[in-house]
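Taking it in order: structure first as structure tokens, then the write-up.
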Amino acid sequence: MPRIACLHTFDSNAAVFEEALRATGLAGVSLQHTVRADLLAAAEREGRLTSDIAEETVAVLRGLSAQADAVLLTCSTLGPAAEAAAPDSPVPVLRVDAALAAEAVKAGGRVVVLCAVETTVEPTRHLFEAAARATGAAVSVEVVPQAWAAFKAGDPERYRELVARAAGAAKAAGATRVALAQASMAGAAALLPETERPLTSPTVGLAAAVAASRG
């Protein structure tokens, strides 16, 4: 039974990934959840992912690898730390948005990636632009105004509504694909008609982690 260790920066993301696991229908997979809200809080204070924060995240990821078949970092702001941890890890270490980026740019065209928090923008831009080089997709990364304030104020309904509104507007403006960069944004997809729903990271990221754990 594959054991996937998930490193979150918000408690609520544990439930998001348990729901994603049910949605994927992947049988016999066990999720282990570790929450380190302090890592994202530090990045927000600094305005970016600093080398010290990245090093601490790498240490946590490597620690989780000791009792798992794969490790999944679910915070997009900290994403580059997964790439730094992977080479010396005994098991695969993945960032949840890597599979999202590959899927979003696959068909080329204009891809709009929505973020809620400013610190996610640069790591997300680098990830998606790198993936887009193979397909010629044009990537635009945008922040949803007021969304993160709603999330941090404990108003998930408004958070999802703001994200869904921005995703719908991007699609209406001609985006080939719309992707939600942060795992916490996933619930917004259900507020839109099926034909307009953006791509979200939990299901594709989990599927990638399970596949990696099985070699």
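Here are the numbers for the structure shown:
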{"item": "Residue list for the stretch 47-62, restricted to those being assigned to a loop (DSSP other than H, G, I, E, B) and either surrounded by fewer than 16 Cβ atoms within 10 Å (Cβ to Cβ) or without any contact (Cβ under 8 Å) to a residue 40 or more places away in the chain (or both)", "result": "Gly47, Arg48, Thr50"}
{"item": "Residues being touching a helix residue (DSSP H, G or I) at 6+ places or on another chain (Cβ under 7 Å), touching a residue at least 60 places away in the same chain (Cβ under 8 Å) and either more than 24 Å from Leu40 (Cα to Cα) or not assigned by TED's automatic domain parsing to the domain that holds Lys106 (or both) - total across the stretch 166-198", "result": "3"}
{"item": "Unique residue being surrounded by 22 or more Cβ atoms within 10 Å (Cβ to Cβ) and either within 23 Å of Val96 (Cα to Cα) or touching a residue at least 12 places away in the same chain (Cβ under 8 Å) (or both) when the list is Val163, Val143", "result": "Val163"}
{"item": "Residue within the stretch 63-75 that is crowded, with 18+ Cβ neighbours inside 10 Å, in a helix (DSSP H, G or I) and out of contact with any Lys or Arg (no Cβ under 7 Å at 6 or more places or on another chain) present", "result": "yes"}
{"item": "Residue in the stretch 36-45 that is assigned to a strand (DSSP E or B), within 15 Å of the chain's Cα centre (by Cα), over 18 Å from Gly187 (Cβ atoms) and aliphatic (A, V, I, L, M) present", "result": "no"}
{"item": "Residue ranges of helices (runs of 4 or more DSSP H) in the stretch 85-199 with at least 2 members more than 18 Å from the chain's Cα centre (by Cα)", "result": "147-152, 156-172"}
{"item": "Scan of the stretch 66-84 for residues that are farther than 24 Å from Ala130 by Cβ and either within 16 Å of the chain's Cα centre (by Cα) or of a type in the set (S, T, N, Q) (or both), ordered by number", "result": "Gln67"}
{"item": "Ala27 being under 16 Å from Ala212 (Cα atoms), under 18 Å from the mean Cα position of the chain (by Cα) and not assigned by TED's automatic domain parsing to the domain that holds Glu118", "result": "no"}
{"item": "Residue within the stretch 195-208 that is in contact with a Phe, Trp or Tyr (Cβ under 6 Å, 6 or more places away or on another chain), buried (at least 19 other Cβ atoms within 10 Å of the Cβ) and over 16 Å from Ala99 (Cα atoms) present", "result": "no"}
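Conditions (1) surrounded by fewer than 23 Cβ atoms within 10 Å (Cβ to Cβ); (2) among the charged types (D, E, K, R); (3) under 23 Å from Glu18 (Cβ atoms); (4) at pLDDT below 95, marked per residue:
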{"position": "Leu31", "(1), (2), (3), (4)": "yes, no, yes, no"}
{"position": "Ala37", "(1), (2), (3), (4)": "yes, no, yes, no"}
{"position": "Arg45", "(1), (2), (3), (4)": "yes, yes, no, no"}
{"position": "Thr77", "(1), (2), (3), (4)": "no, no, yes, no"}
{"position": "Pro90", "(1), (2), (3), (4)": "yes, no, no, no"}
{"position": "Val111", "(1), (2), (3), (4)": "no, no, no, no"}
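The values are calculated or read from the model by the stated rules, or taken from the named source; none is laboratory data. Please read all numbers here as calculations on a predicted model, not as lab measurements. All Cβ positions, even for glycine, are placed from backbone atoms using ideal geometry, and neighbour counts span all protein chains on display.
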